[in-house]
Amino acid sequence: MMQRGIAQKYARALFRAMEEKEALDEAKAEFIKLRGFLEENPGIKRFMYYYPVKEELKKDVIQKISEGFLPEFINFLRLLIGKKRFGLLDVIEEEFIKLANKAQGLEIVRVTTPQPLDADQKDQFISILRELSGKTIQLEEHIDPDIIGGFILRLGDSIFDASVKTQLQRIYQTATA
């Protein structure tokens, strides 16, 4: 829990710097590029997250892998290394994206369905959710054949479960109670 609090402080600091520069989208994209690079190169990721590696070596790696990134973002990564907080990068990214999305009036909605949605279904979800929330909606689609039918929506901390699987479980619980 303490780690999340520390990560939130770093995320807020980066958020303020990027908001001032009007570069929230660029910073979100750079987090995604960096995360993708580290996932594709697990050896480098282990190197960067391994505590005893010398700070200067890590900073050299960051300089090389973040070519083309905003100078403020590179400096932020170097700060994390200097403060021995690079291991919090994933949580910092998560917290930063929450702050940036809120500031931009963007709501990420996760919809889980048993099969992929077609374009019309996606548009309907987005339209209804935009009308209800008054925010710009970005739909994250996840497929889970186990829900049988229907859908599960996750909007922030709220979950709306209209899946056939859940309805069948409720019927079973009622029938056996």
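The values are calculated or read from the model by the stated rules, or taken from the named source; none is laboratory data. Just so we're clear, the structure is a prediction, and the values are computed from it rather than from any experiment. Glycine gets a Cβ as well: all are built from the backbone with ideal geometry, and neighbour counts include every protein chain shown.
List of remarks:
- Residue match in region 140-158 (condition: within 26 Å of GLN8 (Cβ to Cβ) and touching a Gly at 6+ places or on another chain (Cβ under 8 Å)): no
- Note on region 109-130: residues that are closer than 25 Å to LEU24 by Cα and surrounded by fewer than 16 Cβ atoms within 10 Å (Cβ to Cβ) total 3.
- Being charged (D, E, K, R), within 19 Å of the chain's Cα centre (by Cα) and within 30 Å of GLY43 (Cβ to Cβ) holds for only one residue in GLU72, GLU93, GLU56, GLU67, and it is GLU93.
- Scan of region 39-57 for residues that are crowded, with 17+ Cβ neighbours inside 10 Å and at pLDDT 95 or above, ordered by number: none
- Total residues in region 95-105 satisfying the condition of being of a type outside the set (Lys, Arg), surrounded by fewer than 15 Cβ atoms within 10 Å (Cβ to Cβ) and either at negative phi or at pLDDT 95 or above (or both): the figure is 2.
- Check on ASP144, surrounded by fewer than 16 Cβ atoms within 10 Å (Cβ to Cβ), modelled with pLDDT of 95 or more, out of contact with any Leu (no Cβ under 6 Å at 6 or more places or on another chain) and not assigned by TED's automatic domain parsing to the domain that holds LYS58: yes
- Conditions (1) surrounded by 14 or more Cβ atoms within 10 Å (Cβ to Cβ); (2) in contact (Cβ under 8 Å) with a residue 12 or more places away in the chain; number of the one not met by ASP161: (2)
- Remark: LEU106 matches the filter, which requires a residue to be of a type in the set (A, V, I, L, M), within 29 Å of GLY156 (Cα to Cα) and touching a Ser or Thr at 6+ places or on another chain (Cβ under 8 Å).
- Candidates PHE31, PHE76: the one that is within 18 Å of ALA103 (Cα to Cα) and among the aromatic types (Phe, Trp, Tyr) is PHE31.
- Qualifying helices (runs of 4 or more DSSP H) (wholly inside region 66-162; at least 2 residues being of a type in the set (A, V, I, L, M, F, W, C) and in contact with a strand residue (DSSP E or B) (Cβ under 6 Å, 6 or more places away or on another chain)): 119-133
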